[in-house]
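The values are calculated or read from the model by the stated rules, or taken from the named source; none is laboratory data. The structure displayed is predicted, hence computed values, not measured ones. Here the Cβ positions follow ideal geometry from the backbone for every residue, glycine too, while neighbour counts run over all protein chains shown. Please note that ligands, DNA and RNA were not included when accessible areas were found on the heavy atoms of the full protein model with its side chains. Shrake-Rupley method; radii C 1.70, N 1.55, O 1.52, S 1.80 Å.
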Amino acid sequence: MNLKRYMLHLSYLGTRYRGSQKHANNLILDIDSIQGAIEASLCKLKPLFNNTPKLVLAGRTDAGVHALNTVAHLDLDLKYEEFCTDTMIRMMNRYFSNCGHDIRIFSVQAVSSSFHARFSAISRTYVYRFIVPKDPQNHMIPISESFRAHYARIEKFDLSKVQEGIKLLNGTRDFTTFSSKKGRKTAPWRFDEAINEKNFIRTVRKLHIRLEEGQPLLALDPLSAGFDYWNIVCHSKSFMYNQVRRMAAALIGVGSGRLSINQLVNMLQVPSHNNWPGKVPPVPPFGLYLSNVEYDEASFEKINT
């Protein structure tokens, strides 16, 4: 086989999917996942190549989580020397549109076989969107924000407390308290299918996080004026299972008064799954967006030569 590797840039709305990763490897078509749906679209291109391509995503997202700009790669054994990536993009997106998939491919390019969508990434950026009612008695969420942002029922939102909490989270920290036991199970490692071996989970991460004022997705919606819009932007090389959603929950909890700054300090100073406050559940997944995956520009220069 003469395999050539291709990098894809894509976006998706994760509301109707079980997550990005295909759950059942024995199923050829697992269209309930992002990976499975994209591989199903590639089946329509089967006359163009000899192999059954497997998609490798830059990162895993949970059920309901969205991606605005993420990356994947796949290896193709092409039947013809002339291969048009524009045709590939058009046919895949036509399949998604016809089948009602909320997925779009907007770039395909040939890369070196050493490129790996996941392991070549140097950082990832997530955005968590939440809305706060200007009137605490207002429960009429804009239809355009349904399953696109978290509605935080807060009577008084203290921005200064949130900024104080952000300063505590920034930098290199042990984020064990902010990771889920489900992702870790009972061992400090998980089996990684991409490298076919055990991958030890690192709980100490370097993180940059900030709060910025957001905007409604559809300003024309008459209900959008009744809310303030906020984005929690998290930037790091990688994240643990549920880490961003738990950090967002903690910051919203601090801003609403359900969680004190001293409690947040304790969660960082005594990193433990048992130190997570039960009264502050993780925020729902539909407010979370994987907004970008970054790679070293020098590696791209090497890839494209």
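Points worth noting:
- From the options Asp75, Asp30, Asp102, residue that is surrounded by 15 or more Cβ atoms within 10 Å (Cβ to Cβ), more than 27 Å from Leu288 (Cα to Cα) and not hydrophobic (A, V, I, L, M, F, W, C): Asp75
- Among residues of the range 257-294, those that are within 28 Å of Gln215 (Cβ to Cβ) and touching a residue at least 60 places away in the same chain (Cβ under 8 Å), counted: 15
- Pairs where the first residue, in the range 224-240, is touching a residue at least 12 places away in the same chain (Cβ under 8 Å) and the second is part of a strand (DSSP E or B) and small (Gly, Ala, Ser), C-beta under 7 Å, 6+ apart: His235/Ser123; Ser236/Ser123; Lys237/Ser123
- Lone unmet requirement of (1) open to solvent by less than 60 Å² (accessible area, probe 1.4 Å); (2) modelled with pLDDT of 95 or more; (3) over 21 Å from Val233 (Cα atoms) for Ser112: (2)
- Restricting the range 229-267 to residues that are more than 23 Å from the chain's Cα centre (by Cα) and surrounded by fewer than 19 Cβ atoms within 10 Å (Cβ to Cβ) leaves a set whose member that is nearest to Glu164 (Cα to Cα) is Ile261.
- Just one of the listed residues (Arg104, Arg60) is assigned to a strand (DSSP E or B) and in contact (Cβ under 8 Å) with a residue 40 or more places away in the chain, namely Arg104.
- Restricting attention to the range 1-24 and to residues that are basic (Lys, Arg) and assigned to a strand (DSSP E or B), the residue that is most open to solvent (accessible area, probe 1.4 Å) turns out to be Lys4.
- The range 203-228, residues that are touching a strand residue (DSSP E or B) at 6+ places or on another chain (Cβ under 7 Å), hydrophobic (A, V, I, L, M, F, W, C) and either exposed (fewer than 15 other Cβ atoms within 10 Å of the Cβ) or assigned to a helix (DSSP H, G or I) (or both): Val204
- Condition met for Leu68 (open to solvent by 30 Å² or more (accessible area, probe 1.4 Å) and in a strand (DSSP E or B)): yes
- Residue list for the range 134-155, restricted to those being in a loop (DSSP other than H, G, I, E, B) and among the hydrophobic types (A, V, I, L, M, F, W, C): Met140, Ile141, Phe147, Ala149, Ala152, Ile154
- Condition check for Ile38: under 22 Å from the mean Cα position of the chain (by Cα), outside any helix (DSSP H, G or I) and not small (Gly, Ala, Ser): no
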